[in-house]
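*Asks:* Encoded as structure tokens, here's the structure I'll be asking about.
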Amino acid sequence: MLSYLERLDHQLFFALNNALATSALDGLFWLFATVGNGTGMLSGALLGLWHFDRSALKRHWLWLILSVIAGAAIVQALKYGVARPRPLTTFAPLLAAGERYIHVVGEGLQYRSFPSGHAQAAASVFTYLWCLYPRQAVWWGMGMVLAALGRVYVG
């Protein structure tokens, strides 16, 4: 069963990473990868609250920050516990032999791929905003999906 899941994981990675690659999406997902870390996501959320709902910012800024920090601490512990290599390391022999190609946007990272810190930061921020503004649930959900997809897209 585990080998089946691993094969499925590899197939999905290559399907998403290779099939979606365009120069327009490169720029978009590079931006998500750059701004989508915990600091960027948190800063964007706090600036958004400052601009659109300052009373919510006054009540929630500390809890929003703590939710991202707590999530990051858990994810970092899991990253070191799982110690799953990134695709560039996992598939290095296939890449060297020219049997596979990984579309990399930005820096090609090598270590501790799972779980994704970027996806965790997005999930923490967007889930918090989802609780504050449930009418925009579709947008918060799309943000989480794009953050996770973006990590696969950038390789």
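The values are calculated or read from the model by the stated rules, or taken from the named source; none is laboratory data. Source: prediction; values computed, not measured. Cβ coordinates were reconstructed from backbone atoms using ideal geometry, including for glycine residues, and neighbour counts include every protein chain displayed. Heavy atoms of the whole protein, side chains included, go into the accessibility calculation; ligands, DNA and RNA do not. Shrake-Rupley method; radii C 1.70, N 1.55, O 1.52, S 1.80 Å.
Residue-wise test of (1) assigned to a loop (DSSP other than H, G, I, E, B); (2) at pLDDT 85 or above.
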residue	(1), (2)
Lys58	no, yes
Trp63	no, yes
Ser67	no, yes
Gln76	no, no
Tyr80	no, no
Arg84	yes, no
Leu95	no, no
Arg100	yes, no
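*Asks:* A further question follows. Would you check which residues across the stretch 124-145 are open to solvent by less than 60 Å² (accessible area, probe 1.4 Å) and of a type outside the set (Ser, Thr, Tyr) and list them?
*Replies:* Val125, Phe126, Leu129, Leu132, Ala137, Trp140, Gly141, Gly143, Met144
*Asks:* Note down all Cβ pairs under 6 Å where the first residue falls in the stretch 27-44 and is over 16 Å from Gln120 (Cβ atoms), the second is assigned to a helix (DSSP H, G or I), and they're at least six residues apart or on different chains.
*Replies:* Short answer, once both residue conditions are applied: Phe29/Gly150; Phe29/Tyr153.
*Asks:* Can you pull out every residue in the stretch 132-149 that is closer than 21 Å to Trp63 by Cβ and assigned to a helix (DSSP H, G or I)?
*Replies:* Answer for the stretch 132-149, where residues must be closer than 21 Å to Trp63 by Cβ and assigned to a helix (DSSP H, G or I): Leu132, Pro134, Arg135, Gln136, Ala137, Trp139, Trp140, Gly141, Gly143, Met144, Ala147.
*Asks:* So, in the stretch 124-155, exactly how many residues are among the small types (Gly, Ala, Ser), in contact (Cβ under 8 Å) with a residue 60 or more places away in the chain and over 19 Å from Ala21 (Cα atoms)?
*Replies:* At the first step, the residues of the stretch 124-155 found to be among the small types (Gly, Ala, Ser) are 124, 137, 141, 143, 147-148, 150, 155.
This time we only want the ones that are in contact (Cβ under 8 Å) with a residue 60 or more places away in the chain, so: 124, 147, 150, 155.
From what's left, over 19 Å from Ala21 (Cα atoms): 124.
Residues in the stretch 124-155 being among the small types (Gly, Ala, Ser), in contact (Cβ under 8 Å) with a residue 60 or more places away in the chain and over 19 Å from Ala21 (Cα atoms): 1 in total.
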